[in-house]
Amino acid sequence: MKFSVDKHEKYVVLKLRESKFTNDNTPKLKSEFILLNAEGYHNIVLDLSAVKECNDSQDLSSLLVGDRLCKSANGLFILIGINGVVAKILEMSNLDQSLTIVSKLDEATDLIFMEEIEKELLGSVDKG
C-alpha cells in the first residue's frame, strides 16, 4: 500500500496513495498504525481522499485497529477526505457511528488541539 506520512509534534497525517481499499493492501496500513503508535503518536489523521473504491466493509477493518490504538493511548483517530463510495460502506457497516470523520485537515487538527488543551487543563486541575 502506498501512502505518505507527515509527522507533526501532536499528530501524524497518513495520506493514502491508492485508489482501492482491499484486503491485499490493508495489512500494511495496520502495521503502520502500530508502528506510529509505538513511536508515541497517539493522534492519527488518515486522509482517504485518493480512495475511490472499496468493495467490502471487511477491507475497512484496519480503520478499527487505528481507532483502538489511538483511543487506548488517550488520543484521536480521525478520517478525512471520505468520498461517497467509502462513506456508503462506512454507513452500511455502522463504522460511521464509532469513527471520527471530518471533511478537512484543518478541522481534524482543530479537534486534536482542542482535545490536547482539554487534557492539559484537566491535568492541571487534578494536580492543583
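Does the stretch 83-97 include one or more residues that are in contact with a Lys or Arg (Cβ under 8 Å, 6 or more places away or on another chain) and buried (at least 17 other Cβ atoms within 10 Å of the Cβ)?
Looking through the stretch 83-97, none of the residues is in contact with a Lys or Arg (Cβ under 8 Å, 6 or more places away or on another chain) and buried (at least 17 other Cβ atoms within 10 Å of the Cβ).
What are the residues in the stretch 1-37 that are within 21 Å of Lys104 (Cβ to Cβ), of a type in the set (S, T, N, Q) and assigned to a loop (DSSP other than H, G, I, E, B), if any?
Scanning the stretch 1-37 gives a single hit, Ser19.
Within the group Gly66, Gly40, Gly75, which residue is open to solvent by less than 20 Å² (accessible area, probe 1.4 Å) and part of a loop (DSSP other than H, G, I, E, B)?
That would be Gly75, the only listed residue that is open to solvent by less than 20 Å² (accessible area, probe 1.4 Å) and part of a loop (DSSP other than H, G, I, E, B).
Consider Ser103 against the criteria (1) open to solvent by 30 Å² or more (accessible area, probe 1.4 Å); (2) in a helix (DSSP H, G or I): it satisfies all of them except one. Which criterion is unmet?
Here Ser103 clears every test but (2).
Given the criterion over 15 Å from Lys7 (Cα atoms) and not in a strand (DSSP E or B), identify the matching residue among Ile117, Ile112.
Ile117
The values are calculated or read from the model by the stated rules, or taken from the named source; none is laboratory data. Quick caveat: nothing in here was measured; it's all calculated off a predicted structure. Methodologically, a virtual Cβ is constructed for each residue, glycine included, from the backbone with ideal geometry; neighbour enumeration extends over all protein chains shown. Quick note on the areas: whole protein, heavy atoms, side chains included, nothing else; ligands and nucleic acids left out. Shrake-Rupley method; radii C 1.70, N 1.55, O 1.52, S 1.80 Å.
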